[in-house]
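Down below is the structure, laid out as C-alpha cells.
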C-alpha cells in the first residue's frame, strides 16, 4: 500500500492546475496495478464492482488527479439491456478533488475514502463507483456513488458517436476554481459533471 499514493497522484487531472497530461498506457498500467494490490479496498464499493486493471485511463495536473477503471463486463450489449436495476460501469478515483452538487463540493463525510499510508503520512483519496440505469422516460443516466447506497449524483447520459480506444475515457474543461468532466463510455455515451477541490 505504501506505493498506492504514487499511483493516485497521477489520476485524472481535471485542469485545476496548468498542464493536463494523459499518461502513457505503460505508466497507467503500473499505477492501476499498485491500486489493485488492496483488493478489499478496490471491491468495497456500495455497488458491485469488478474493475479491469488492464484498461485504466490516467491523467494528471500537478497535485490534482484522477483515474477511471472500467468494469470487466462493460459492453454496449450490457448497456443496451440496462433497466431499472443498476449496471456497474467502473470506478473514478480522485485526488484532492470531489464531485460537485448544486455548485458546491460534496462533503468528505459522504464520500467513500481510501486511506493510504505513504512515507509516514496518511492520505485520504475519494473512490467513486459508477453505474448506469434506464430512467422512467426511457433515457439513461449515470449514477456516481460515495460511501452509501444512495448515489451522490445522477447525471443524464447522452448518446454520441466517437472513436474511443479505452472503455472509459475522460475529458476535462477548467472553469475558474472548478472543472467539468466528460466521462465517455465505449464511444457511444457520455455524461458531464463538475468537480472542485475537496475538503479532505
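The values are calculated or read from the model by the stated rules, or taken from the named source; none is laboratory data. All of these numbers come straight from a predicted model, not from anything done at the bench. Don't worry about glycine lacking a Cβ; one is built from the backbone with ideal geometry, like all the others, and counts go over all protein chains shown.
Values as computed for the structure displayed
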| read-out | value |
| --- | --- |
| When residues of the stretch 67-81 are limited to those that are in contact (Cβ under 8 Å) with a residue 24 or more places away in the chain and in a loop (DSSP other than H, G, I, E, B), the one surrounded by the most Cβ atoms within 10 Å (Cβ to Cβ) | 74 |
| Among the residues listed as 84, 38, 102, 119, the single one being surrounded by fewer than 22 Cβ atoms within 10 Å (Cβ to Cβ) and at pLDDT 90 or above | 102 |
| Output for the stretch 25-45, where each listed residue is farther than 25 Å from residue 180 by Cβ, out of contact with any helix residue (DSSP H, G or I) (no Cβ under 8 Å at 6 or more places or on another chain) and assigned to a loop (DSSP other than H, G, I, E, B) | 43, 44 |
| Strands (runs of 3 or more DSSP E) fully within the stretch 109-200 counting 1 or more residues that are within 27 Å of residue 84 (Cβ to Cβ) | 121-134, 140-145, 153-156, 168-175, 178-185, 189-197 |
| Subset of the stretch 167-193 (residues that are within 24 Å of residue 52 (Cα to Cα), within 16 Å of the chain's Cα centre (by Cα) and either modelled with pLDDT under 95 or surrounded by fewer than 17 Cβ atoms within 10 Å (Cβ to Cβ) (or both)) | 170, 171, 172, 181, 182, 192 |
| Meets criteria (touching a helix residue (DSSP H, G or I) at 6+ places or on another chain (Cβ under 8 Å), modelled with pLDDT under 85 and surrounded by 15 or more Cβ atoms within 10 Å (Cβ to Cβ)) for residue 58 | no |
| Set 38, 52, 61: member being over 23 Å from residue 169 (Cβ atoms) and either touching a residue at least 60 places away in the same chain (Cβ under 8 Å) or more than 14 Å from the chain's Cα centre (by Cα) (or both) | 38 |
| Qualifying position, being in contact (Cβ under 8 Å) with a residue 40 or more places away in the chain, touching a strand residue (DSSP E or B) at 6+ places or on another chain (Cβ under 7 Å) and either more than 21 Å from residue 20 (Cβ to Cβ) or crowded, with 16+ Cβ neighbours inside 10 Å (or both), among 155, 125 | 125 |
